[in-house]
Amino acid sequence: MDLLFVADPLESFKINKDSTLAMMRVAQADGHQLWFCQSRNVLWRDDFVVADCQSLVIKPSSTAWFELGAIEARPLNTFHGVLMRTDPPFDIEYLNTTWLLSAAVRQGAKVLNTPMAIRDHSEKISITEFPELIPPTLVTRELSAIEVFHREHQDIVIKPLDGMGGMGIFRVGPGGLNLASIVETLGENGARTLMVQRFLPEIAQGDKRVLLIGGEVVPFALARIPQGNEIRGNLAAGGKGVAMPLTDAERKVAERLAPILNARGLFLVGLDLIGGYVTEINVTSPTCFVEITEQSGFDVPQFWLKSLEKVLA
């Protein structure tokens, strides 16, 4: 199959743990032809959605690890599959790319995750569809509403809706120290909506990433455990990643959500669970393939590829 990866610049990949690279490697090893472009290279031209893309060969070297061919203009509907793997932020240009990809879908292209599903699922607000699975949560621009929430729950976490990798997450304890200042800064004086949640002390055991692929649950999670005085378990914020089997409670939550999300065109999802609560539903470019595979022995990239081949067959 011809597989087009729409991703960030290859030079930015962390080759020892990049999930997109793990996908590329396993697909190439199975005989599929790889193609690459950035989202800026997806365009509408001559009545078709086209990618100015390049063939891609992954090499075993740890330095010059990829080789790109000449730039070719190909309609997206000429690929067997288009993999949208561009990282957030989900800004206006990300949104523009999803609109172009939706036009490509109308022309027959197979895009995963589907652009409509990506647009419809804010990685943070989407959890509100399942209130029985989430911690006490508030979504607002208003400082007064956050102050009321803080008085009720005492220990809270505040985060922007468009952050990734733990960026911009603050904890405010019972004393409410700097609450107004944090809200004013993060929320740009009411211009940006924030999410506020009751602090979950179970974060000490890890913010667990659970992967859902093709409606199935990967049986191991990556517990991202905060280090030192840090409250964030995100690997980008210095958390330690430890793969471990899903608990019965975690599996129950994941198995409930997996078929629902897959039916909406979300082929690959990264659930974030803390203490059994769903805190985020990541759909743009979920990661942790490499860490789970290396530590558990469960081959996540191969599991992903076999699911992908079924969908694209």
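The values are calculated or read from the model by the stated rules, or taken from the named source; none is laboratory data. Note that the structure is a prediction, hence the values are computed from the model and not measured. Every residue, glycine among them, receives a Cβ derived from its backbone with ideal geometry; neighbour counts consider all protein chains shown.
Odds and ends about this structure:
- Of all the listed residues (Glu123, Glu132), the sole one being assigned to a helix (DSSP H, G or I) and either at pLDDT 95 or above or under 29 Å from Leu268 (Cβ atoms) (or both) is Glu132.
- Cross-chain or 6+ apart pairs with Cβ under 9 Å, segment 34-56 first and over 16 Å from Ala70 (Cα atoms), then among the aromatic types (Phe, Trp, Tyr) and surrounded by fewer than 22 Cβ atoms within 10 Å (Cβ to Cβ): Ser39/Tyr94
- Of all residues in segment 69-117, those that are part of a loop (DSSP other than H, G, I, E, B) and either closer than 23 Å to Trp304 by Cα or over 21 Å from the mean Cα position of the chain (by Cα) (or both) total 11.
- Options Gly238, Gly275: the member that is modelled with pLDDT under 95, surrounded by 15 or more Cβ atoms within 10 Å (Cβ to Cβ) and either under 19 Å from Ile203 (Cβ atoms) or under 15 Å from the mean Cα position of the chain (by Cα) (or both): Gly275
- Flag if Gly241 is of a type outside the set (A, V, I, L, M), in a strand (DSSP E or B), in contact (Cβ under 8 Å) with a residue 12 or more places away in the chain and touching a helix residue (DSSP H, G or I) at 6+ places or on another chain (Cβ under 7 Å): yes
- Filtering segment 154-166 to residues that are surrounded by 18 or more Cβ atoms within 10 Å (Cβ to Cβ) and either in contact with a Pro (Cβ under 6 Å, 6 or more places away or on another chain) or under 12 Å from Val183 (Cβ atoms) (or both) leaves Ile156, Ile158, Lys159, Pro160, Met164.
- Checking each residue in segment 125-183 for being within 30 Å of Pro286 (Cα to Cα), among the polar types (S, T, N, Q) and without any contact (Cβ under 8 Å) to a residue 60 or more places away in the chain picks out Thr128, Thr140.
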